[in-house]
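Here's the structure, in C-alpha cells; my notes come after.
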Amino acid sequence: MAGRGFARLHSTMKLLLIEDNLAMQTTLARSFERRGMQVVVCGDGSKALARWRASVPDVVALDLSLPGQDGLQVLAQARAEGLSTPVIILTARGTVGDRILGLNTGADDYLAKPFDLDELEARLRALARRPGAGPGNGGPLPSVPEFAGLRVDQDSGAVYHLGLPVDAPPRELALLRALLVRPGQAVAKERLWEQVFAGQADASPDAIEVVAYRLRKRLAHTEARLITLRGLGYLLQKAPQ
C-alpha cells in the first residue's frame, strides 16, 4: 500500500472507514486526514450501520472480513434501509466471483488489498463526485415527503408518524420504508423480502408475510393501510375518508 506524495485538496470529504484491522485502520485514517478528509472509523460490523446512520458520510470504505457481521451483510442491510452512500469495498478477497458478489450486493467500486494509497484516494473522490452523492443524498432512497402522515427522515432513515418516531422492530421499519418509496403502487413480495431480510439466506420467502401482518396491525391507528395484492405483492393506500 504505497503513497506517492500527499495531494493538496480543495474540499473536505467525509469518509466512513469500516475496517477491523487496527494497523490498517490507523494508517488509512491518519493518511486521509493528512490529505484533508474527515474520517470516521468503525471496526465492528454489528455497529457499522448505526455509525453510518448517525452521521451520513460522502463515501464509505468497507472491508468484508468484519467481526459481528461481515461486510456484505452490512452493505446489504444498508441498501435495504435505503442508505445510498457510495461504497468501495476493500478486501483481500480478490477473485472475480467475490467482486461480482460485492457489486451485486450494492457496492459501487472494489479494490483488492494490497492497494496503492493514491489510487484509493482517487477512487474515493470519484465516487463522492458522482451526481447525487454526498451527505445530503446519502440517506434513504427518494420517497414522497409525506404519505398518510408517515415520513422517512432522509438522513437517519427513521420513520415518523405525525412528527413522532414510529417505534417498531427493524424488519417492520424496513418494510415500511420500502413501501413508502412507492406509495399507492404494488411492490413485489420477492423485492420486499430482499430488502427486509437482506443477507439472511436462512429466512423463508414466506417470512415477509409475517412482517406484513405485524406492520398492518401497527398501522391500524394511522391513515395508511397495508394492502395485500395476491400474485403481485403489497402496497400502501390511504384509508377512505
If you rank 230, 130, 216 by fewest surrounding Cβ atoms within 10 Å, what's the result?
230, 130, 216
Once R0 is set to 41 Å, what does the formula 1/(1 + (r/R0)^6) return for the Cβ-Cβ distance between residue 191 and residue 34, expressed as a FRET efficiency to the nearest 0.05?
0.40
Length-normalised contact order of the range 150-238, Cα under 8 Å, at least 6 apart, in percent, tallies to 28 percent
What value does the range 150-238 have for Rg/Rh, both radii from Cα atoms and Rh as Kirkwood defines it?
0.94
Two pseudo-spin positions, 7 Å from Cα along C-beta at residue 238 and at residue 44, lie apart in nanometres by 4.4 nm
Computed label-point distance, nm, for sites residue 214 and residue 130 using a 7 Å Cα→Cβ extension:
3.2 nm
Label point distance in nm, residue 100-residue 112, each placed 7 Å from Cα along Cα→Cβ:
1.5 nm
Provide Rg and Dmax in Å for the range 14-137, with only Cα atoms included in the calculation.
12.9, 35
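Read the figures in this text as sums done on the coordinates, not as results from a lab. These numbers were taken from a predicted model, which means no experiment stands behind them. FYI the Cβ positions are ideal-geometry reconstructions off the backbone, even for glycines, and counts take in every protein chain you see.
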